[in-house]
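A short worksheet on the structure shown next.
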Amino acid sequence: MTNSQRLMDTLKEAGMRLTHQRRVICDYLATTDAHPTAATIYEALKPGLPSLSLMTVYNTLNTLAELGAIQVIGQAGDDTVHYDSDTEPHINLVCNDCQKIEDYPSPYIRNLEQAIDAGSGFRIQGARLVFYGLCPECQVKRQSKSNKA
Ligand SMILES: [Zn+2]
């Protein structure tokens with residue numbers, strides 16, 4: 001099953017009608033690894049879907065997030081909520097300067113989940129791990145700025 005199909009099935013299970021707009025939103029989420037915000041998705045899809053409203057994007061994202069089909073990463077220092085359609089355990093790296101969010105796959109996370117699961121009695125269903133720092137490009141930018149000063 002594709003990631004997009006998984007998202008659409010989730011909406012169907014939630015009792016939402018699978019409109020063309022919602023299908024396009026699911027396809028977009030399934031094919032991006034850019035951790036979009038609602039506004040990013042809206043702006044990317046609006047040219048092809050002139051009748052799309054930001055509210056439809058929000059509603060679709062909220063439903064998918066509530067049902068655990070996508071993850072809410074929260075804001076990346078830009079006061080905007082980002083979403084991630086990859087629900088496998090992984091680390092998100094957030095750049096404090098350009099607000100880029102990258103995935104960092106790590107086998108430690110799965111091991112950590114299993115250890116917490118076994119130690120706490122909780123059945124862990126997900127995790128949100130965000131590390132903040134400076135991406136390589138922004139480190140170079142800062143370096144060249146301080147050299148000039
Ligand atoms: Zn950066």
Protein accessible area in the stretch 25-149, 1.4 Å probe - carbon and sulfur %:
53 percent
Rounded to the angstrom and largest first, Cα extents along the principal axes for the stretch 37-149 equal 55, 44, 20
GLU113 paired with THR19, simple spin-label distance in nm, labels 7 Å along Cα-to-beta-carbon
3.3 nm
Subset of LYS100/LYS145; LYS46/LYS145; LYS12/LYS100; LYS100/LYS148 violating a 30 Å alpha-carbon distance limit:
LYS46/LYS145; LYS12/LYS100
Kirkwood hydrodynamic radius, computed over distinct alpha-carbon pairs, for the stretch 86-149: how many Å, to one decimal?
13.8 Å
Roughly how big is the stretch 10-149's charge dipole about its Cα centre, with Cβ charges of +1 (Lys, Arg) and -1 (Asp, Glu), in debye to the nearest 20?
280 debye
Accessible surface, the stretch 21-135, averaged per residue in Å² (probe 1.4 Å)
56 Å²
Using alpha carbons only, what's the Rg to Rh ratio of the stretch 58-113 with Rh from Kirkwood?
1.00
Average Cα contact separation per residue, the chain, under 8 Å, 6 or more apart, as relative contact order %:
18 percent
Computed magnitude of the charge dipole of the stretch 89-144 (debye, nearest 20; Cβ of K, R +1, Cβ of D, E -1)
80 debye
The farthest towards the positive end of the charge dipole of the chain, of the residues CYS26, ALA38, GLN114, given +1 on Cβ of Lys and Arg and -1 on Cβ of Asp and Glu, is ALA38
Quick one: putting +1 on the C-beta of Lys and Arg, -1 on the C-beta of Asp and Glu, what dipole do you get for the stretch 18-80 around its Cα centre, in Debye to the nearest 20?
280 debye
THR80-VAL140 pseudo-label distance in nm [points 7 Å out on the Cα-to-Cβ vector]
2.4 nm
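The values are calculated or read from the model by the stated rules, or taken from the named source; none is laboratory data. What you see is a predicted model; the values in this text were computed from it and never measured. All Cβ positions, glycine included, derive from the backbone under ideal geometry; neighbour counts span all protein chains shown. Just the protein is used for accessible areas: all its heavy atoms, side chains included, with ligands, DNA and RNA removed. Shrake-Rupley method; radii C 1.70, N 1.55, O 1.52, S 1.80 Å.
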